[in-house]
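Since the structure comes first, as structure tokens, the remarks are kept for the end.
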Amino acid sequence: MTGSEPESDRGGDDLEPDTEADRDDLDRLVTTLHDRLAATATRPVREEASRWLGEAEAVAGDLAVGPLPDDEVVRRRLGHVEHLLSNVGETEDEAADEHVASARAALADALATLGDGGGE
């Protein structure tokens with residue numbers, strides 16, 4: 001009654017109050033992921049790495065365009081990007097390596113934002 005009533009209002013909302021902020025963070029991280037992967041396309045990387053990076057960029061690009069789909073779809077696609085990036089070994093280009101490291105960091109943060117990066 002003294003202004004601390006919001007707790008009682010939250011009862012059935014579960015994750016609703018933070019969802020918008022989390023979605024904004026997730027959207028920003030997905031965009032960063034895509035931008036970092038896109039930046040590797042202009043670098044002279046090994047052909048094998050280029051194929052994996054190109055595919056990862058395409059999947060991230062699908063997420064980065066328009067509104068994000070539901071969390072399960074985002075999680076699945078980010079998992080696919082994670083798998084693709086796990087196949088990227090040496091790029092033989094220092095700048096590309098920095099972009100890949102930045103992309104991996106954004107990916108890890110995006111998965112953490114989803115709250116279910118656990119499993120394997």
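Values as computed for the structure displayed
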{"item": "Unmet criterion (only one of (1) open to solvent by 80 Å² or more (accessible area, probe 1.4 Å); (2) closer than 18 Å to residue 23 by Cα; (3) hydroxyl-bearing (Ser, Thr, Tyr)) for residue 86", "result": "(2)"}
{"item": "All positions within the stretch 100-117 that are open to solvent by 30 Å² or more (accessible area, probe 1.4 Å), touching a residue at least 24 places away in the same chain (Cβ under 8 Å), part of a helix (DSSP H, G or I) and not polar (S, T, N, Q)", "result": "109"}
{"item": "Residue list for the stretch 16-37, restricted to those being within 14 Å of residue 107 (Cβ to Cβ) and of a type in the set (Ser, Thr, Tyr)", "result": "31, 32"}
{"item": "Within the stretch 1-99, helices (runs of 4 or more DSSP H) holding 3 or more residues that are modelled with pLDDT under 90 and over 19 Å from the mean Cα position of the chain (by Cα)", "result": "6-9"}
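One line per residue, one yes/no per condition, for (1) within 19 Å of residue 104 (Cβ to Cβ); (2) small (Gly, Ala, Ser); (3) open to solvent by 30 Å² or more (accessible area, probe 1.4 Å); (4) out of contact with any Phe, Trp or Tyr (no Cβ under 7 Å at 6 or more places or on another chain):
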position	(1), (2), (3), (4)
39	yes, yes, no, yes
42	yes, no, yes, yes
48	yes, no, yes, yes
53	yes, no, no, yes
57	yes, no, yes, yes
60	yes, yes, no, yes
65	no, no, yes, yes
70	no, no, yes, yes
75	yes, no, yes, yes
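The values are calculated or read from the model by the stated rules, or taken from the named source; none is laboratory data. Since we're looking at a predicted model, the values are computed, not measured. Neighbour counts are summed over all protein chains in view; Cβ atoms, including those assigned to glycine, are modelled from backbone coordinates with ideal geometry. Note: accessible area is taken over every heavy atom of the protein model, side chains too, but ligands, DNA and RNA are not part of it. Shrake-Rupley method; radii C 1.70, N 1.55, O 1.52, S 1.80 Å.
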